[in-house]
Every structure is written in structure tokens, then in C-alpha cells.
Amino acid sequence: ISAAELAPTPDLLAMTPEMRDFVDRYVRTAPTKRQRLRMLHSSLRSNALLNLDYDPEADGTAAEAFESGRANCLSYAHLFVAMARYAGLKADYHLLDLRPEWSRHGDRVAIRQHVNVLVTLARNQQYMVDIDPVRRSAIADSKTIGDGVARSLHHNNLAMGYLFAGETDTAYLNAVRALELRPEIDFLWLNLGAIYSRAGNERASERAYHSAL
């Protein structure tokens, strides 16, 4: 049985009828793309409408973020990309290369990765949309990424969440699934190495770190 079967990838951008109704009612009525962009961003965060809250542990699909009213940077990107495209906007995932910033989680140390959305209105009109903006001084570089990379990052986030929860087997399945989708991403191999290390398999951990290098 493959990792794809044991850790299937959901449709991260699937739109529910309620999501389409939300965009139709509050966003698509705006006459210009710039106004639609502003209306979508403000309506998702508005206390009177969706009132979406930032939660660093709220992984999930666009539909799950909409339903729960909670999202981290990646699940907010799923939500915004899905709804923006439905509203007729060109929206892409946007990966920020941050200057190293480490945080401790019990006996583990993690480095922050960050994803937001880049909306292109015209050749020289691009806007970053973010649920948890980072300081510009913390950004070393950035690039747009495809939907396939976002699917890989989804499984990577799940893998790290399961690792922190002590569910090593499920963490391993999601880490392998992330690598099946995008084996060229270096930090996915680092995270697989951390999972092997937690499981006590130092030889496999070392091989994963060498793959990252």
C-alpha cells in the first residue's frame, strides 16, 4: 500500500456551496479586480462576516478553514486562492524564504516557513495577501509556487503536527507523501530525517539529511 493510499491528499481548493454564495454576495458584485481583491480580504477578516482567526495549528483545506473560522498561513492561502480564483482573480501561492528564526516546542526546535498569496491584477500590479504578515526585514527572498507544491506543504505540515503529538507512524506517512509529491524540496528531507531520529533509526535519519544536502 502506498503513502498516497494511506495518507490521501484532499482537494485543498474545493469550493462548497456556502463558499460560492459568500463570494457571490460580498465579492463578485464589485466592478473592478482591485475592489474584488479588497472586498475578499476584508470580508474574510470582518467581525460582521466570516471573522476568520489566525491559529498556527489550524491545518486543513479551504473548505475546513471556511467552516471552522480558523486558519494558519497555509490553510488561509488555500482559502484565499480558491475564493479569489472563483471571483475571477489571478491568485497564486507565494512562498517566503525567511531569515532563520527558530522556536522551541518542548524538546524540539523548529524553523519557521511561511506561505501567503500573490494576486496579480496587471503586469506591474501584484499584491501579497496574508493572514499573519511577517516583517519585510525578515524576508530574504520569495517566489510563487504551484498548486502541487502547496499539496506537498500540506502533508509536510501534517507530518510535523503528528510528530509533535508523538504519532510517529502517521507523521512518517505524511512526510513520505509530501516527498512523493515534491522530492526536490530540501526541507522535506530534513523533516523526514527528524522523524526517523525520533523513531530511533539514526542510519535512515542520516541518509535523509544527506538527501537534503
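The values are calculated or read from the model by the stated rules, or taken from the named source; none is laboratory data. The shown structure was predicted, so the numbers you read here are calculated from the model rather than taken from an experiment. Cβ coordinates were reconstructed from backbone atoms using ideal geometry, including for glycine residues, and neighbour counts include every protein chain displayed. Quick note on the areas: whole protein, heavy atoms, side chains included, nothing else; ligands and nucleic acids left out. Shrake-Rupley method; radii C 1.70, N 1.55, O 1.52, S 1.80 Å.
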Flagged in the range 131-172 as surrounded by fewer than 19 Cβ atoms within 10 Å (Cβ to Cβ) and charged (D, E, K, R), in numbering order, are D132, R135, R136, D141, K143, D147, E167, D169
Of the residues in the range 19-51 that are among the polar types (S, T, N, Q) and assigned to a loop (DSSP other than H, G, I, E, B), the one that is modelled with the highest pLDDT is T32
In the range 181-203, anything of a type outside the set (A, V, I, L, M), in a helix (DSSP H, G or I) and either open to solvent by less than 60 Å² (accessible area, probe 1.4 Å) or touching a residue at least 12 places away in the same chain (Cβ under 8 Å) (or both) is listed as D186, F187, W189, N191, G193, Y196, S197, R198
Exception for E57 within (1) over 17 Å from P133 (Cα atoms); (2) assigned to a loop (DSSP other than H, G, I, E, B); (3) open to solvent by 60 Å² or more (accessible area, probe 1.4 Å) falls at (1)
Taking the range 28-44 and keeping only residues that are open to solvent by less than 90 Å² (accessible area, probe 1.4 Å) and in contact (Cβ under 8 Å) with a residue 12 or more places away in the chain, one is left with R34, R36, L37, M39, L40, H41, S43, L44
Looking across the range 60-69 at residues that are closer than 18 Å to G161 by Cβ and not in a helix (DSSP H, G or I), the single one that is modelled with the highest pLDDT is T61
Here the qualifying pairs (Cβ atoms under 9 Å; residues six or more apart or on different chains; first in the range 62-75 and over 15 Å from V117 (Cβ atoms); second aromatic (F, W, Y) and modelled with pLDDT under 95) come out as R70/Y54
Of the residues in the range 99-133, those that are at pLDDT below 85, among the β-branched types (V, I, T) and under 19 Å from the mean Cα position of the chain (by Cα) come to I111
Q: Would you check if Y162 is modelled with pLDDT under 95 and farther than 30 Å from S43 by Cβ?
A: yes
All conditions in (1) closer than 30 Å to G161 by Cα; (2) in contact with a strand residue (DSSP E or B) (Cβ under 6 Å, 6 or more places away or on another chain) are true of L89 except (1)
